[in-house]
């Protein structure tokens, strides 16, 4: 079992709809959770991070964390073609300084 | 403001050679981390340095080494290159070690032939 798992996709969503991206993690000691977006050939860029159970909203993006279920998700409202990218979930375990990454979900927004 | 700067952007090396990759963090950032990203996979942690001290090392062989200089820039060295070392090498900087302000450079694409 991988430490951080994501559906590789591609996930195809119509423009203007809500895109829902999911990530599960295996280590219950994980404390910090990050969503990054990576365009093809580019480096990852941070979208948002979440520490506490519940929802965290930033513009069109909402991160949801459920530590009991070891599940973190990212919702993108009013999806735009420019949101088409690979979305990477990353997890920090306790005081460890490294991030553990999923393989990413490729999202395609269809005009 | 300049972001995280990595050099070179692309590199082609032969098996068995040595390579040095360089990273300049955002001004004021004291933490630098190195990641390897193979095509189709998420980044894999190699090293983290904070205030010039090694704070973490990933599951990479001793052929990989790094250091951080007094100006917080960093070098990643890889000896005895293997074909499997071909990847995008990413450097990320942050002000401290909480990872909340993690910013990546554009990466160095290393091809080993």
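Here, each number is a calculation from the coordinates, and none is a lab measurement. Fair warning: this is a prediction, and the values are worked out from it, not measured in the lab. Please note: Cβ atoms are built from the backbone with ideal geometry, for glycine as well, and neighbour counts cover all protein chains shown.
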Candidates A:40, A:20, A:79: whichever shows maximal mean-square fluctuation once chain A is modelled as a Gaussian network with Cα springs under 10 Å: A:40
Choice from A:98, A:64, A:31 with maximal GNM fluctuation in chain A (Cα, 10 Å cutoff): A:98
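Let me know the mean shielding of B:43-50 by other chains, meaning the per-residue number of their Cβ atoms within 10 Å of its Cβ.
Partner Cβ neighbours, averaged per residue: 4.
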Against the rule of thumb 2.2 N^0.38 Å, how large the Cα Rg of segment A:53-111 comes out: 1.28
Residue among A:25, A:51, A:87 with the largest mean-square fluctuation in a Gaussian network model of chain A, springs linking Cα atoms under 10 Å: A:51
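Summarise the partner chain shielding of A:40-49 as one whole number: the mean count of Cβ atoms from other chains within 10 Å of each residue's Cβ.
Mean partner-chain Cβ count within 10 Å for A:40-49: 5.
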For q = 0.16, 0.19, 0.30 Å⁻¹, what log10 I(q)/I(0) does segment B:50-113 give under the Debye formula with an equal point scatterer on each alpha carbon and no solvent? -0.63, -0.87, -1.45
With the radius of gyration and the Kirkwood radius both derived from the Cα set of the protein assembly as shown, what is their ratio Rg to Rh? 0.97
How many percent of Cα pairs in chain B exceed 21 Å? 29
From the square roots a ≥ b ≥ c of the eigenvalues of the alpha-carbon gyration tensor of segment A:20-64, which class results: rounded (a/c under 1.5), prolate (a/b over b/c), or oblate? oblate
Computed over chain A, the convex hull of the Cα set has an average projected area, in nm², of 6.7
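Hey, can you rank B:80-86, B:28-34 by average C-beta count inside 10 Å, highest first?
Descending packing order for the listed peptides: B:28-34, B:80-86.
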